[in-house]
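Read the structure below first, then the notes.
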Amino acid sequence: MKKQTKEESVLKSEKQKALWQAIKFTLFSLSAGIIQIVSYELLSNFVFKDAVANQYDWSYYGWSYFIALALSVLWNFTFNRKFTFKSANNVPIAMLKVLGYYLVFTPLSIWWGIELVKLGWNDTIVLLVTMLINFVTEFLFSKFVVFREKPNEHKKYVSQKEKLSYRKFKKGELFEKARAVIVKDNKALLIKDLSNGNITVPGGGVDEGETIEQAVVREAKDETGMVVKPVEVLCQANYDVPMKYKSKEFVSKRRETYYICEIVDETNEQHGLEGEYAGKTKIYFADFDELSKTKIGDTAIAALKNKYKKGENK
């Protein structure tokens, strides 16, 4: 089975996240839309029926639309709140941003709705067209304003790795990667990506001018907050990764070195996988058997188990 690189995992996770975000937004919008349509029809046909009968009184549309829109927004701000605003870093600020959107959209949509009804448009058709405009503009506003993350952080991370991999390829050099097998009480530290269930051990690419041991220490600190000491090499693995950099396809030759590490200081804050999965990881110690779920091969797991036999090398 082909090994999935960290860069590929990031891209896959981002695509899945974007798709799921669009699906959830559509479903929540449909539920709010049903409330808005039903409310509008009830208001215009029963509450404001006298105004509807008067062909020169267009206020019925404005009031019916405004109340129905308010009910649908109230639905998203209350019952749907934990789903609609779940991915926001600050829920109150996210809600204020959406409120700001409606402070602009509501008067504009009431104005053009009344004008279109005056021109002879069917009021239900006007409502549906307005709802479609609402859906598209609110989705774009939510995506690029309300739930916007740090600009291109994931793409920047992947681009840097692609650039370094291509530079190594042109020089005929291996792309070195370092991983820390942090052991404590005959258990290994694992990082679980809660967005896709992938489990790994701390590690990443070796920066230029950096030794593998230095990379192990840096990656462990970045991803777990722990200061570790590389004790010895557990194993090395060579593999190829097809890549593309600026439309140029190439094969990145890689060597991954696993170091058994001891903990020097574990009082620092845990950060997760270099920030790209910030807030979406679980960092924990597990029995060596669970290492079979990670990228470490069976041979390395067997060697680790053999080294840390019960009662030895604690």
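The set of residues from the stretch 173-194 being under 15 Å from Ser292 (Cα atoms) and surrounded by fewer than 19 Cβ atoms within 10 Å (Cβ to Cβ) comprises just one member, Lys187.
Counting only strands (runs of 3 or more DSSP E) wholly contained in the stretch 159-223, the ones carrying 3 or more residues that are closer than 20 Å to Val241 by Cα occupy 175-184, 203-205. Checked against (1) under 17 Å from Ser142 (Cα atoms); (2) at pLDDT 80 or above, Asn80 passes all but condition (2). Within the option set Gly205, Gly197, being among the small types (Gly, Ala, Ser), surrounded by 15 or more Cβ atoms within 10 Å (Cβ to Cβ) and modelled with pLDDT under 90 holds for one residue only, Gly205. Which of the residues that make up the stretch 283-300 are of a type in the set (A, V, I, L, M) and either at pLDDT 75 or above or in contact with a strand residue (DSSP E or B) (Cβ under 6 Å, 6 or more places away or on another chain) (or both)? Within the stretch 283-300, Ile283, Ala286, Leu291, Ala300 meet the criteria. Each residue in the stretch 184-207 was checked for being among the β-branched types (Val, Ile, Thr) and farther than 16 Å from Thr257 by Cβ, and 2 of them qualify.
Hey, does the stretch 235-242 have a residue that's in a strand (DSSP E or B) and charged (D, E, K, R)? Checking the stretch 235-242: at least one residue is in a strand (DSSP E or B) and charged (D, E, K, R).
The set of residues in the stretch 223-239 that are more than 18 Å from Ala303 (Cβ to Cβ), surrounded by fewer than 17 Cβ atoms within 10 Å (Cβ to Cβ) and at pLDDT below 90 comprises Gly225, Tyr239. How many residues are at pLDDT 75 or above, buried (at least 19 other Cβ atoms within 10 Å of the Cβ) and of a type outside the set (Phe, Trp, Tyr) when one looks only at the stretch 257-280? Number satisfying all stated conditions: 3.
So that you can scan it fast, the table gives a plain yes or no per residue for (1) more than 22 Å from Val73 (Cβ to Cβ); (2) aromatic (Phe, Trp, Tyr); (3) assigned by TED's automatic domain parsing to the domain that holds Val228; (4) modelled with pLDDT under 85:
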site	(1), (2), (3), (4)
Trp111	no, yes, no, no
Leu127	no, no, no, no
His154	yes, no, no, yes
Tyr166	yes, yes, no, no
Val201	yes, no, yes, no
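Determine, yes or no, whether Ser29 is buried (at least 18 other Cβ atoms within 10 Å of the Cβ), under 38 Å from the mean Cα position of the chain (by Cα) and more than 18 Å from Ile110 (Cα to Cα). Judged against the criteria, Ser29 is a match.
The values are calculated or read from the model by the stated rules, or taken from the named source; none is laboratory data. Since the model is a prediction, treat every value here as computed from it, not as a measurement. Methodologically, a virtual Cβ is constructed for each residue, glycine included, from the backbone with ideal geometry; neighbour enumeration extends over all protein chains shown.
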